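For reference, the structure is listed below as C-alpha cells.
The values are calculated or read from the model by the stated rules, or taken from the named source; none is laboratory data. Computed from a predicted structure; not experimentally measured. Cβ placement follows ideal geometry from the backbone for every residue including glycine, while neighbour counts extend to all protein chains displayed. In case anyone asks, the SASA skips ligands and DNA or RNA and just uses the protein heavy atoms, side chains included. Shrake-Rupley method; radii C 1.70, N 1.55, O 1.52, S 1.80 Å.
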Amino acid sequence: QLRLVESGGGLVQPGGSLRLACVASEFIFSTYGMGWYRQAPGKQRERVAGITRLGTTSYTDSVKGRFTISRSIAERTVYLQMNALKPDDTAVYYCNYIGRSFGPWGQGTQVTVSS
C-alpha cells in the first residue's frame, strides 16, 4: 500500500522560509499528479499547490509567488519551497494525489509561522 511521509516543517518567523518534502513508497509521479494540502485548526483541508504528471504546476491564490512545488521522480519526492511565510500559512501540511481519488494520508508536517 502507498505510504506518503512528509517532513521539513517547523517554527519560523513571519517572512521566513521552509522547504517541505514528501517521499512516496512507490514510483507514482510519472503516472499521477501530486499536490500539497494544508489544514489549519478549525478549517477544512485545502490544496495549496499541485504538479501534474507532465510537470505543470498550479497554486492557490494565497500562495502564488511565494510557494514553489517541484519533484524528483527518481527520488520519489515532492517538494514545497515556501518563502515569505505568513501567520496564515500555519497549518499541518500533507501531500497526496491530484486529479484522482486520494491515497492514504500521511502524518503531515506542522508549519507554524509566529514571531
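Remarks
- Couplings 3J(HN,Hα) of the stretch 34-42, computed from phi: 10, x, 9, 10, 9, 9, 8, x, x Hz, in residue order, whole Hz [Karplus 6.51 cos²θ - 1.76 cosθ + 1.60, θ = phi - 60°; x for Gly and Pro].
- Within a Gaussian network of the chain (alpha carbon springs, distance under 10 Å), most fluctuating of Ser70, Ser62, Ser17: Ser62
- Evaluating 6.51 cos²θ - 1.76 cosθ + 1.60 at θ = phi - 60° for every residue in the stretch 74-86, the Karplus couplings come out as 4, 8, 6, 10, 10, 10, 9, 7, 10, 10, 6, 5, 10 Hz, glycine and proline recorded as x.
- Inter-probe distance in nm under a simple model that places probes 7 Å from Cα toward Cβ, at Thr31 and Ser72: 2.2
- The calculated FRET efficiency for Arg19 paired with Lys43, based on their beta-carbon distance and R0 = 22 Å, is about 0.40.
- The chain - accessible surface per residue (Å², probe 1.4 Å): 52
- Cα-centred dipole magnitude for the chain, charges only on beta-carbon of K, R (+1) and D, E (-1), debye, nearest 20: 140
- Relative to the current alpha-carbon distance between Asp88 and Thr60, full extension at 0.36 nm per residue lengthens the span by 8.7 nm.
- Portion, in percent, of the accessible area of the chain that falls on carbon or sulfur, probe 1.4 Å: 48
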